[in-house]
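S.K.: Encoded as structure tokens, here's the structure I'll be asking about.
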Amino acid sequence: MNTLQQEMPVTAELVAEHGLKPDEYDRILTLIGRTPTLTELGIFSAMWNEHCSYKSSKKWLKTLPVNGARVIQGPGENAGVIDIGDGQAVVFKMESHNHPSYIEPYQGAATGVGGILRDVFTMGARPIAALNCLRFGDPDHPKTRHLVSGVVAGIGGYGNSFGVPTVGGEVNFHRRYNGNILVNAMAVGLARSDRIFYSKAEGVGLPVVYLGAKTGRDGIHGATMASAEFADDAEEKRPTVQVGDPFTEKCLLEACLELMASGAVIAIQDMGAAGLTCSAVEMGAKGDLGIELDLDKVPCREDHMTAYEMMLSESQERMLMVLRPEKQGEAEAIFDKWGLDFAIVGKTTDDLRFRILHGGTQVADLPIKQLGDEAPEYDRPWTAPSAPDPLKADDVPAPNDLKEALLKVIGSPDMCSKRWVWEQYDHLIQSNTAYTPGGDAAVMRVSDTGKAIAVCADVTPRYVEADPYEGGKQAVAECWRNLTAVGADPIAVTDNLNFGNPERPEIMGTFVKTIKGIGEACRALDFPVVSGNVSLYNETNGQAILPTPTIGGVGLLDDLTNMTTLAFKSEGEHILLIGGHGHHLGQSAYLRDVLGREDGPPPPVDLALEHKHGEFVRDLIARKRLSAVHDISDGGLAAALAEMALASGIGCRIEIPDGPAHATLFAEDQARYVVTCSPPDSHGILGRAEDAGIPAMLIGTVTADALIVAGHATISLSELRNAHENWLPAFMDEWSAA
């Protein structure tokens, strides 16, 4: 069948509507030697958009460290895989669903969770944890409450129904997200290290099988929409948002894992961005094979769907597999048992072509390798961001009332308790959650092995905005510290790089410098990047989001009994400061929340000190010398102490050196921890620190029911709790009442 069915004329306007630049379309004409059909144009649009091809970021992503002693699979597959010993592996990844969640917050966030869960179980892993990092606009913006409510409900609605605990993440607010919120979803799973499944097709003439839910018209052009900035047309893009069904996904998980155990699966790929198109092309191209699909065999839930619609639909809960023919009956019986569709929709070929048949005619015939390999790869012009003006200590005045300042910091939208959010998530289902939300990192038991994994996600966008190189380093370093603080050995990261329009040299320059910072930190801390996602064009009417390179980390505790938490344990224990007192107030929470300013440079990150101080703290944890550990980040020493007190219901009394008290309490210098220990142990710990050349000092003791800064402020725990816990519920209740 050599004649192609031309569904409608392809015009310059139609090409532009598909997000393809004129030179990109010329490249297509040269590649295939003719005018594409409408279906082919849609396929190129899907495969060559930013979301699928990484055409603006690929050059720089290649510079990141991706190898390590524990890495089984790095970037390039559905998720990264790391070895945790005893024949077990952790599979994890983070992805964005930003544009869909702004357009339709419930379904956008819900299908973001569903998509990242599929990425994990596609590799043969059972998901054991989910996290999310959420960025919303100014609390005073008229859409913010609606978006918060919808996104949180969508995440909980999908994750809770699917049966995965949602155990960690971040929620922040800033006016730069007013027109483009961020929803970054991370999933973590456990698998046998010798039973990892990949997307590379193998063998000629083998069945290509469609599995899961039926195909509908939801989500068409979802990937293309995610690769374009917003104007004033967000509501018009609502049909591009997918609709999820967590109960079907739960059945799909169980059916896939059962099928994998049967030995029937040769290759597997979930239908995520660009749906059937991307999954089929990736499977064939990776295996140096062609793929032929007969769309008349695709299970559809709507009548009269066109080839174009079927190829670009992003309907959820679907998989594509290459199966062993002799196992076909067994495979079909498994999916029938779980109430899911099973249909042979094509075959592998040896001619490296991607052929699509529909209604007895051929609607696409394209070179399969070039659909991916020949996608544009840009070295976009970039300009290095200018360095922020220095900020002298005298430029940051002391507050009129130190107590009031601390209450304002810990009660601000960014620093307040996010209990209102995470209490809507089931964080205990599966019964493996050892450390629930609210700490430095979540901790998950690894069945009955005595081991555990720690997971967290971090970034400080205002740091990245001020200095992307230092901000990129800091995002990695904070993630590494948070894993360290619970006693875990940091192993590897996934990332979600959220930026504005890369065609603007200043945005591209911020991206480049951020990647350089992330790469340097990951190399220095032996913390390789094994998976991730890039989300560009996050802007509305030319206003970009804050650069937000979210870093998701995984660490290993060989012995769960070594896990530490941030809560004070008992009165009379000594409080030690590891890393010394700070002084850096540039881009600090104090500067923003108390003085209403966002200026100065972020705190510099000394990676050698990060490594040295972290190794020292982990060694003390392993020796069971520490009763509580908390890293110092947003809000400085004062916020860290307040959080430790609130987590325990016990107060503390500390002494600080002479000098500006607000600098000592609110400085956000890096590589620092607050730890507690029994009084008999403190002398030995301080001696070990001195021998190691690590600044460490006794700053106070755990006391009854107040946070006391000797000579400066006394704040009762009830005052701390009211400030910390009340803002978000009151904010959302105000909207509910209206």
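S.K.: Gap in Å between the Cα centre of region 96-163 and the Cα centre of region 651-697?
M.R.: One Cα centre to the other: 39 Å.
S.K.: Just from the alpha-carbon atoms, what are the Rg and Dmax of region 578-672 in angstroms?
M.R.: Rg, Dmax (Cα atoms, Å): 14.2, 43.
S.K.: Once you have the Kirkwood Rh of region 372-527 from its Cα pairs, apply Stokes-Einstein at 37 °C and 0.692 mPa s and quote D in µm²/s.
M.R.: 174 µm²/s
S.K.: Quick one: work out Rg over Rh on the C-alpha atoms of region 592-738, Rh as Kirkwood radius.
M.R.: A ratio of 1.01.
S.K.: In debye to the nearest 20, how big a dipole does the chain give about its Cα centre with +1 on each Lys and Arg Cβ and -1 on each Asp and Glu Cβ?
M.R.: Dipole about the Cα centre, nearest 20: 920 debye.
S.K.: Along the positive direction of the dipole of the chain (beta-carbon charges: Lys, Arg +1; Asp, Glu -1; about the Cα centre), which of 415, 14, 124 reaches farthest?
M.R.: Farthest towards the positive end: 124.
S.K.: Continuing with the same structure: May I ask for the distance between the Cα centers of region 299-328 and region 419-467, given as a whole number of Å?
M.R.: Centre-to-centre (Cα) distance: 35 Å.
S.K.: Among the listed pairs 143/403; 55/286; 451/473; 418/513, give every one whose C-alpha distance is greater than 21 Å.
M.R.: With Cα atoms farther than 21 Å apart: 143/403; 451/473; 418/513.
S.K.: Calculate, for the chain, the solvent-accessible area per residue in square angstrom, rolling a 1.4 angstrom probe over the heavy atoms of the protein chains.
M.R.: 34 Å²
S.K.: Compute the long axis of helix 505-524 from its Cα atoms, compare it with the longest principal axis of the Cα atoms of the chain, and write down the angle in degrees, 0 to 90, nearest 10.
M.R.: The helix 505-524 is inclined about 70 degrees to the chain.
S.K.: Treating each Cα of region 524-564 as an identical point scatterer and ignoring solvent, apply the Debye formula and state log10 I(q)/I(0) at q = 0.14, 0.17, 0.34, 0.35 Å⁻¹.
M.R.: Debye output, listed in q order: -0.58, -0.71, -1.21, -1.24.
S.K.: Using only the alpha-carbon atoms of the chain as identical scatterers, what base-10 log of I(q)/I(0) does the Debye formula give at q = 0.05, 0.09 Å⁻¹?
M.R.: -0.25, -0.78
S.K.: While we're looking at this one, here's another question. Go through 299, 92, 678 and say which Cα lies farthest out towards the positive end of the charge dipole of the chain; charges sit on Cβ, +1 for Lys and Arg, -1 for Asp and Glu.
M.R.: 678
S.K.: In debye, nearest 20: dipole of region 667-734 around its Cα centre with unit charges on the Cβ of K, R (+) and D, E (-)?
M.R.: It works out to roughly 240 debye.
S.K.: State the percentage of accessible surface on region 633-713 attributable to carbon and sulfur atoms; use a 1.4 Å probe and exclude ligands, DNA and RNA.
M.R.: Heavy-atom surface of region 633-713 belonging to carbon and sulfur, 1.4 Å probe: 52 percent.
S.K.: Would you list which aspartates and glutamates come within 18 Å of residue 327, measuring only between C-alpha atoms, while excluding same-chain residues fewer than 8 positions from it?
M.R.: Those aspartates and glutamates meeting the cut-off are 202, 254, 258, 336, 341.
S.K.: Let me ask something else. State, as an integer percentage, the relative contact order of the chain based on alpha-carbon contacts under 8 Å between residues 6 or more apart.
M.R.: 15 percent
S.K.: Per the Cauchy relation, a quarter of the hull surface: what is the mean projected area of the convex hull of the alpha carbons in region 1-124, in nm²?
M.R.: Computed as one quarter of the Cα hull surface, the answer is 11.8 nm².
S.K.: Among 500, 549, 528, which residue has its Cα furthest toward the positive end of the charge dipole of region 435-576, with +1 on Lys/Arg Cβ and -1 on Asp/Glu Cβ?
M.R.: 500
S.K.: Please work out how much accessible surface residue 176 shows to a 1.4 Å probe, ignoring ligands, DNA and RNA, in Å² rounded to 10.
M.R.: 50 Å²
S.K.: Radius of gyration and Dmax for region 471-597's Cα atoms, expressed in Å?
M.R.: Cα radius of gyration and Dmax of region 471-597 are 18.0, 58 Å respectively.
S.K.: Related question: Viscosity 0.890 mPa s, temperature 25 °C: Stokes-Einstein D of region 537-638 from its Kirkwood Cα radius, in µm² per second?
M.R.: In µm²/s, the coefficient is 144.
S.K.: Could I ask something else about it? With Rg and the Kirkwood Rh both taken from Cα atoms, where does Rg over Rh land for region 570-629?
M.R.: Rg divided by Rh gives 1.10.
S.K.: Which value does Rg/Rh take for region 61-198 over its C-alpha atoms, Rh per Kirkwood?
M.R.: Here Rg/Rh amounts to 1.04.
S.K.: In Å and on Cα atoms, what radius of gyration and Dmax does region 318-408 show?
M.R.: 30.2, 79
S.K.: Ordered by packing density, taken as the mean number of other Cβ atoms within 10 Å over each peptide's residues, highest first, how do 500-507, 248-255 rank?
M.R.: 248-255, 500-507
The values are calculated or read from the model by the stated rules, or taken from the named source; none is laboratory data. Note that the structure is predicted; figures quoted are calculated from it, not measured. Every residue, glycine among them, receives a Cβ derived from its backbone with ideal geometry; neighbour counts consider all protein chains shown. For the accessible areas, the whole protein counts, side chains as well, though only heavy atoms, and no ligand, DNA or RNA atoms are used. Shrake-Rupley method; radii C 1.70, N 1.55, O 1.52, S 1.80 Å.
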